[in-house]
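Chemist: The structure follows.
Since every read-out is calculated from the coordinates, none of them should be taken as a lab result. Since the model is a prediction, treat every value here as computed from it, not as a measurement. Cβ placement follows ideal geometry from the backbone for every residue including glycine, while neighbour counts extend to all protein chains displayed.
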Amino acid sequence: MSSKLQSLLFALVLIASFYYWGAYFAATILALSFLIFFHELGHFIVAKLLGVAVNVFSVGFGAPVFERQFGSTKYRISAIWLGGYVQLKGQDDARPELKNYDKDSYNTLSPLGRIAVLFAGPAFNIILAFLLYIAVGVLGIEKLAPNIGQIVPNSPAINILQKGDKITAINGTAITHWDEIKPLLKTEPMSVEILRDGQKLSLNLTPKIMESKNIFGESVLTPMLGIGASGELVTLYFSGFELFSFALDETIKASKLIYQSLEKLVLGVVPINQLGGIVAMADITTKAAAISLSTLFIITALISVNLGILNLLPLPVLDGGHIVFNLYEMIFRRPVGERVFVVLSYGSMALLFSLMAFTIANDIYRLAGGYE
């Protein structure tokens with residue numbers, strides 16, 4: 001495909017996107033572009049620190065839409081806005097058979113040095129997510145208030161708790177939002193402090209094992225009180241050490257969620273038609289931007305963690321695959337055979353582009369109401 005045709009298609013996609021999502025799509029462009037930039041910046045900085053020459057720093061693939069050269073590096077915004085790359089001297093995923101052994105080449109680094117360069121991109125995405133959660137903690141995050149909106153029949157809460165009660169503490173641990181309740185529940189007697197009609201009360205009850213649904217739609221058995229939230233919201237703000245703790249906790253939870261989602265996808269718990277790609281990201285991010293800056297940062301942080309974790313998967317064309325190749329070289333004292341390297345690289349490239357095409361088609365079908 002010619003560079004002019006790529007640029008034309010890119011422009012048409014942008015026009016169609018703005019027509020569908022409106023002005024808030026500009027926030028999506030900025031957010032996703034920055035995620036890609038920050039990921040590649042990780043590779044770029046560590047490569048430079050280790051003395052590797054960087055030929056190209058690109059946001060996007062394909063023909064350059066904008067390009068400027070500073071020193072030995074060309075900085076680009078490319079036509080196909082579905083990712084990005086840093087092209088290091090001696091390392092080119094598009095032509096894996098080509099290597100260079102000059103002093104400033106990626107190939108002259110030790111396997112450990114190459115792993116450091118490769119790991120830096122995903123690590124920067126995790127760091128960025130942490131920084132975004134710091135910003136969210138300062139701006140304020142909305143959570144469900146610990147106010148009871150319903151009581152389940154034949155549950156531990158029946159005739160003890162009431163609709164409208166506000167839970168303020170469980171066994172002496174203060175409760176500020178609804179999500180803090182579940183981790184404290186055990187199948188043993190407990191003290192629940194509530195606020196009812198302006199009056200503080202301390203009640204005793206024992207949770208029991210009940211069936212509920214997790215975020216993947218699976219039925220699980222867990223200790224429960226048998227209460228539901230009222231739907232009221234509370235805005236939480238963090239500062240000092242609490243801010244650091246909040247950001248770290250949210251980053252860890254987001255990382256675990258990605259791994260759990262991959263596991264459920266492989267096990268067939270999550271159907272393949274739930275897979276989302278760049279279109280789904282754009283849709284979610286644009287809707288988040290329309291709600292608030294804090295919501296936009298939360299979604300961007302989740303996508304950043306997603307980008308970091310998925311890039312560590314052991315596919316040869318991803319950072320994780322190259323890390324595996326270098327670990328092999330460290331262990332067996334020889335690199336992976338060139339033929340094996342090339343075949344696996346091109347094979348994983350074909351797999352990723354096929355998956356990308358599927359997710360785009362799946363996203364468009366979903367947005368068009370195909371699964372309703």
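Chemist: Dipole magnitude of the chain about its Cα centre, charges +1 at Lys/Arg Cβ and -1 at Asp/Glu Cβ only, in debye to the nearest 20?
Modeler: 540
Chemist: Between Glu232 and Val220, what is the label-point separation in nm under the 7 Å Cα-to-beta-carbon projection?
Modeler: Result for the modelled spin labels: 2.8 nm.
Chemist: Roughly what percent of Cα-Cα pairs across the chain reach past 30 Å?
Modeler: Tail fraction, whole percent: 51.
Chemist: Looking only at the stretch 15-45, which residues have a backbone nitrogen under 17 Å from a spot 7 Å from the Cα of Leu355 in the C-beta direction?
Modeler: none
Chemist: Taking a label point 7 Å from the Cα of Lys213 along the Cα→Cβ vector, which residues of the stretch 334-372 have an amide N closer than 16 Å to it?
Modeler: Within reach of a label on Lys213, which here means backbone N under 16 Å from a point 7 Å along Cα→Cβ, the stretch 334-372 contributes 372.
Chemist: First select every other residue whose beta carbon is under 14 angstrom from the beta carbon of Leu296; then total the charges, Lys and Arg +1, Asp and Glu -1. Spell out each step's value before the answer.
Modeler: On the way: positive: Lys287; negative: Glu142, Asp283.
Spelling it out: positives minus negatives among the neighbours equals -1.
Chemist: If you take the charge dipole of the chain about its Cα centre, with +1 on Lys and Arg Cβ and -1 on Asp and Glu Cβ, which of Gly226, Phe57, Val152 is farthest toward its positive end?
Modeler: Going by the charge dipole, the pick is Phe57.
Chemist: Anything in the chain that counts as a DSSP H helix reaching 30 Å or more along its axis (C-alpha) with Kyte-Doolittle mean of at least -1.0? List them, would you?
Modeler: Those that clear 30 Å and a mean of -1.0 are 25-49, 111-139, 240-267, 338-367.
Chemist: Rounded if a/c is under 1.5, else prolate if a/b is larger than b/c, else oblate: which is the stretch 243-308, with a ≥ b ≥ c the root eigenvalues of its Cα gyration tensor?
Modeler: Oblate is the answer for the stretch 243-308, as a/c is 1.5 or above yet b/c matches or exceeds a/b.
Chemist: How far is it, in nm, from the label point at Leu12 to the one at Arg339 when both lie 7 Å from their Cα along the line to the Cβ?
Modeler: Result: 4.3 nm between the two label points.
Chemist: Calculated from DSSP H runs of 4 or more alone, at -39500 (n - 2.57) each and per residue, what is the 222 nm mean residue ellipticity of the chain, nearest 500?
Modeler: Mean residue ellipticity, 222 nm, calculated: -16500 deg cm²/dmol.
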